[in-house]
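Enquirer: Supplied in structure tokens, the structure appears directly below.
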Amino acid sequence: MADEASTARARELREHLERWNHEYYVLDAPSIPDADYDRALRELAELERSFPELIDPESPTQRVGAPPLDVFESVAHPIPMLSLDNAFSEDELAAFVRRICDRLDVDETPELVAEPKLDGIAVSLIYRDGRLWRAATRGDGTRGEDITLNVRTIRAIPLRLQGDDWPAELEVRGEIFMPRAGFEAFNEQARRAGEKPFVNPRNAAAGSLRQLDSSITAKRPLDFFAYAAGQHPDDGWPASHWEVLERFRGWGLPVSREARRVASLEACETYYREMEARRDGLAFDIDGIVYKVNAFAAQRELGFVARAPRWAIARKFPAQEAMTTLLGVEFQVGRTGAITPVARLKPVFVGGVTVSNATLHNMDEIARLNLHEDDTVVVRRAGDVIPQVVSVIEERRRENAPVVIAPQSCPVCDSPVERVEGEAALRCTGGLVCPAQRKASLRHFAARRAMDIDGLGDKLIEQLVDRGLVRNVADLYHLTQEQLCALERMGEKSAQKLLGAIEKSRQTTLPRFLFALGIREVGEATAVSLANHLGSLEAIAAADEDTLMAIPDVGPVVAAHVWGFFTSAQQEVVAQLREAGVTWPDVERAVDNDGPLKDQTWVVSGRLESCSRDEAEERLRGLGARTAKSVSGKTTVLLAGPGAGSKLAKAESLGVEVIDEAEFLRRVQAGAEG
Ligand code: D41
């Protein structure tokens, strides 16, 4: 029998978890790191295991999935789920507005609500007495499939509505979707495991909801926005769509933050263009804008035709997928020798830009696509992600087209190509003999977030390597004015500037230096972690794999690469760099992960006098703080220099503490001493 303390603790944990969920999915303002959420969830699960009577069907722990089903039940929707008409141009939208004005017999455009059209799966959620009772797919609009068990695993969807003013029976309609980041991560993992990736986030959401085993759905990063009510009582119900969205928010249902009221055709177009411009930066795919007449009285008057309401329309964006022809496959060699196949395509307009190259990821992907020469392919370009070939139209394949095969030797240096067990990538074994690897490692070394050598661009790197002036990154520090001036498009002035930038890079920081070395799997965050925990390059070079693995974020793979780097010939380059005068100040060694600023999230904005923003962030991270690029509800402190602008305004509106540089220096000093 659960004692009082355990019962109280379970209740407290549940309340916390529900609040954190709400902050994350509805308010879009997480207040705690994921790790803390997971820790609380584990503690609650532990309590419920020890005291099963504490289990509550709506507990956050119940989102892990249920025993698999044999089939999905077919269920009828209380009210048919309508579809949406499309408008493909401003003219078609104008015609829509004219039609509604005519039908309503009004001169002025009635108020509309504009909202992004999410590219996901439409669902119906029925809440009875404030609890999620049934979830169903849209199906043919009349009948769908009962996917309640799957939907219960989605953290964005409340199992219980908040407040107490919801109707006893309420049907909420909305879109379940997979955010791009989750989609990319899922596909990356699938590709590494040699499994089939999803073509796009929409298919990924559909495939995840189609699982008969809800514990699989539980592992998929799905999200949800509510966009309309289905069945609901008329009594006390709002008079407009906008008010319904507000009610939804109040009941803890996520609603798109981008929804706006618009009152004219011009305002519709402005909104459309703004969203189109922001499309790539959103966290999820949208395929257009939905406009809905706001007032329900007007909606009723307009009614619907066939299966679509007359009072709503979807204005579509240019497609994010398009068909084109494969002109050839080029094999590019990266910094670590990994060979990436790149498709050369007949240029095609997709996702708002003209695309003529797309990644094919690796040889497994080519095999999975069953790619042949001259194939007709579907390319996808969404967000900031590089365009990808997602499928092949096999029916269009020309007869006798040869299949695309892997190169037997490096296309750049002709060294043998190897394929490491358990990895999908092909690798050139040439190491720094391979000019492609040399060039790529120079580009990485000089990058802004690495050694920050301004002016060392691609064209220059090409020449330096091709003329044999630079064999490895250390050679950069021995370049002379005469050598540089002899290069194409290099005047005396730019040569001097470049030498200045190289000179300046001699004074760096340990994390930057480590990152710049280009050790496999060592990104910026790992470099910071290594520096903070081991304190010096000597300690890192001397660490064995166990010592390395004791550091947060360092797993066996990273440890093996770091150890491998410092025990191979590559460390010769490190010695050469040090001889060339590359230095950095000592790092205050963190004993463990909890520095004095642990649990704090800092944002740095505006101009600083004593150091750059990057350096300020590095120092903060060194003291255990997290750093972020934008101010949100989870920001602890904003360090604002002159010109902090919108971040300052946001911090002030959220009540986030704002400090100036002098105070920052005091705290960093105190942190380092304390
Ligand atoms: O974001 C969407 N995909 C979305 C879909 C939305 N924001 N609003 C929608 N509104 C409706 C009506 C006007 C019929 C309530 C919709 C859809 N329907 C819809 N989704 C799939 C079919 C119809």
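The values are calculated or read from the model by the stated rules, or taken from the named source; none is laboratory data. Just so it is clear, the model here is predicted, and its values are computed rather than measured. With ideal geometry, Cβ positions are generated from the backbone for all residues, glycine too; neighbour counts draw on all protein chains shown. These accessible areas exclude ligands, DNA and RNA; they are computed on the full protein's heavy atoms, side chains included. Shrake-Rupley method; radii C 1.70, N 1.55, O 1.52, S 1.80 Å.
Enquirer: Which aspartates and glutamates does residue 459 reach when only Cα atoms under 16 Å apart count, and residues fewer than 8 places away in its own chain are ignored?
Expert: 488
Enquirer: To continue, here is another question. When only C-alpha pairs under 8 Å and at least 6 residues apart count, what is the relative contact order of region 1-70, in percent?
Expert: Details: 39 pairs, mean separation 26.6, N = 70.
Dividing the mean separation by the residue count of region 1-70 yields 38 percent.
Enquirer: Further question: Around residue 159, which amide H atoms from residues at least 5 apart in sequence, or from another chain, sit under 5 Å from its own amide H, with H modelled in the peptide plane?
Expert: none
Enquirer: Across 10 Å bins from the origin, how do the percents of Cα pairs in region 208-250 run, short distances first?
Expert: Here the calculated profile for region 208-250 is 23, 33, 23, 20, 0.
Enquirer: First check a/c for region 5-80, with a ≥ b ≥ c the square roots of the eigenvalues of its C-alpha gyration tensor; if it is under 1.5, answer rounded, and if not, answer prolate when a/b is larger than b/c or oblate otherwise. Please report the intermediate quantities before stating the final value.
Expert: Numbers: a/c = 2.30, a/b = 1.37, b/c = 1.69.
Here region 5-80 falls in the oblate category.
Enquirer: How far is the Cα center of region 413-442 from the Cα center of region 179-213, in Å?
Expert: 29
Enquirer: Still on this model: Of the accessible area of region 358-397, with the probe set at 1.4 angstrom, what percent is carbon plus sulfur?
Expert: Working: 690 of 1570 Å².
Heavy-atom surface of region 358-397 belonging to carbon and sulfur, 1.4 Å probe: 44 percent.
Enquirer: Please report, for the Cα atoms of the chain, the Rg to one decimal and the Dmax as a whole number; what are they, in angstrom?
Expert: Calculated on Cα positions, Rg and Dmax stand at 28.7, 85 Å.
Enquirer: Here's another thing I want to ask about it. Any aspartates and glutamates with Cα under 12 Å of the residue 497 Cα? List them, leaving off those in the same chain fewer than 8 positions away.
Expert: In chain and number order, the partners are 454.
Enquirer: Based on the alpha-carbon gyration tensor of region 146-214 and its eigenvalue square roots a ≥ b ≥ c, which shape applies: rounded if a/c is under 1.5, prolate if not and a/b is larger than b/c, or oblate?
Expert: Here region 146-214 falls in the prolate category.
Enquirer: For region 535-674, count all C-alpha to C-alpha pairs, find those more than 25 Å apart, and express that count as a whole percent of the total. Write out the running numbers ahead of the final one.
Expert: Numbers: 4085 of 9730 pairs.
The proportion of pairs with Cα distances above 25 Å equals 42 percent.
Enquirer: Additional query: Once neighbouring chains are kept in place and the probe is 1.4 Å, which whole percent of the accessible area of region 586-674 is contributed by carbon and sulfur? If you can, show how the numbers build up before the last one.
Expert: On the way: 2210 of 4860 Å².
Answer for region 586-674: carbon and sulfur cover 46 percent of the accessible area.
Enquirer: Quick one: pull the percent of accessible area on region 69-171 belonging to carbon and sulfur, 1.4 Å probe, ligands and nucleic acids left out.
Expert: On the way: 2180 of 4890 Å².
Whole-percent figure for carbon plus sulfur exposure: 45.
Enquirer: Just add up the charged neighbours of residue 401: K/R +1, D/E -1, any other residue whose Cβ is under 11 Å from the Cβ of residue 401. Numbers along the way, then the final one.
Expert: Numbers: positive: 396, 397, 398; negative: 373, 374, 375, 394, 399.
Value of the local net charge: -2.
Enquirer: Run through region 481-571 and list the GluC sites (Glu not before Pro) located in a DSSP loop whose Cβ has at most 11 other Cβ atoms within 10 Å. Spell out each step's value before the answer.
Expert: On the way: sites: 482, 488, 492, 503, 521, 524, 538, 545; in loops: 488, 521.
Within region 481-571, the qualifying GluC sites (Glu not before Pro) (loop, at most 11 other Cβ atoms within 10 Å) are 488.
Enquirer: Calculate the spin-label point distance for residue 105 paired with residue 164, positioning each point 7 Å from the Cα along the beta-carbon direction, and give it in nanometres.
Expert: 4.6
Enquirer: What is the percent of Cα-Cα separations in region 235-289 that go past 19 Å? Can you show the working numbers first?
Expert: Values: 651 of 1485 pairs.
Result: 44 percent of Cα pairs exceed 19 Å.
Enquirer: Given a cut-off of 24 Å, what percent of all Cα-Cα pairs of region 453-610 lie beyond it? Working shown, then result.
Expert: Numbers: 5571 of 12403 pairs.
Pairs farther apart than 24 Å: 45 percent.
Enquirer: Give me the log10 of I(q) over I(0) for region 282-413 at q = 0.09, 0.10, 0.15 Å⁻¹, as the Debye formula computes it from C-alpha points; what are the numbers?
Expert: For region 282-413 at q = 0.09, 0.10, 0.15 Å⁻¹, log10 I(q)/I(0) is -0.41, -0.48, -0.78.
Enquirer: Might you tell me the accessible area per residue for the chain, computed with a 1.4 Å probe and given in Å²? Walk me through the intermediate numbers first.
Expert: On the way: 32440 Å² over 674 residues.
Counting only protein heavy atoms, the per-residue value for the chain is 48 Å².
Enquirer: If you don't mind, another one. Based on a Kirkwood Rh over C-alpha pairs, give the Stokes-Einstein translational diffusion coefficient of region 56-98 at 37 °C and viscosity 0.692 mPa s in µm²/s.
Expert: On the way: Rh = 15.7 Å.
Stokes-Einstein gives a translational diffusion coefficient of 209 µm²/s.
Enquirer: Quick one: Karplus J couplings for region 37-53, per residue in order, coefficients 6.51, -1.76, 1.60, θ = phi - 60°, nearest Hz, x for Gly and Pro?
Expert: 4, 4, 5, 5, 5, 5, 4, 5, 4, 4, 4, 5, 6, 5, 10, x, 5
Enquirer: Protein chains only, probe 1.4 Å: how do 208, 74 rank by accessible area, largest first? Mind dumping the intermediate values first?
Expert: On the way: 208 0, 74 65 Å².
Ranked from most to least accessible, the order is 74, 208.
Enquirer: Give, in whole angstrom and from largest to smallest, the semi-axes √(5λ) of the equivalent ellipsoid of region 87-167, with λ running over the eigenvalues of the Cα gyration tensor. Before the final figure, lay out each step's value.
Expert: Values: eigenvalues 243, 61, 31 Å².
Working from the Cα gyration tensor, I get semi-axes of 35, 18, 12 Å.
Enquirer: For residue 321, project a label point 7 Å along Cα to C-beta. Then give me every residue of region 190-226 with its amide nitrogen under 14 Å of that point.
Expert: 197-207
Enquirer: Moving on. In whole Hz and in residue order, list the ³J(HN,Hα) couplings for region 231-244 that follow from phi through the Karplus curve 6.51 cos²θ - 1.76 cosθ + 1.60, θ = phi - 60°; x for Gly and Pro.
Expert: 5, 7, x, 6, 4, x, 7, x, 9, 9, 4, 4, 5, 5
Enquirer: Roughly how large, in nm² to one decimal, is the mean projection of the convex hull of the alpha-carbon atoms in region 329-369? Don't jump to the answer; show the numbers that get you there.
Expert: Values: hull surface 13.9 nm².
With every direction weighted equally, the projected area is 3.5 nm².
Enquirer: Identify all lysines with a Cα-Cα distance to residue 316 below 22 Å; exclude those on the same chain that are fewer than 8 residues away in sequence.
Expert: 117, 292
Enquirer: Considering only the other residues whose Cβ falls under 10 Å of the Cβ of residue 635, what net charge follows from Lys and Arg at +1 and Asp and Glu at -1? Each step should come with its number before you reach the end.
Expert: Details: positive: 626, 634, 647, 650; negative: 657.
With Lys, Arg at +1 and Asp, Glu at -1, the neighbours total +3.
Enquirer: To continue, here is another question. On a 1.4 Å probe surface of the protein chains, which of 405, 540, 216 comes out largest in accessible area, and what is the full order?
Expert: I get 405, 216, 540, largest accessible area first.
Enquirer: Also, quick follow-up: Please give the helix 4-25 orientation as an angle from the longest Cα principal axis of the chain, in degrees from 0 to 90, rounded to the nearest 10.
Expert: Once rounded, the angle reads 80 degrees.
Enquirer: Region 335-429: which trypsin sites (Lys or Arg not before Pro) are DSSP loop and have at most 14 other beta-carbon atoms within 10 angstrom?
Expert: On the way: sites: 335, 344, 368, 380, 381, 396, 397, 398, 419, 427; in loops: 335, 381, 397, 398.
Those that pass, being in a loop and sparsely packed, are 398.
Enquirer: Still on this model: Take the alpha-carbon centre of region 326-371, take the same for region 293-325, and report the distance between them in whole Å.
Expert: Here the two parts' Cα centres lie 36 Å apart.
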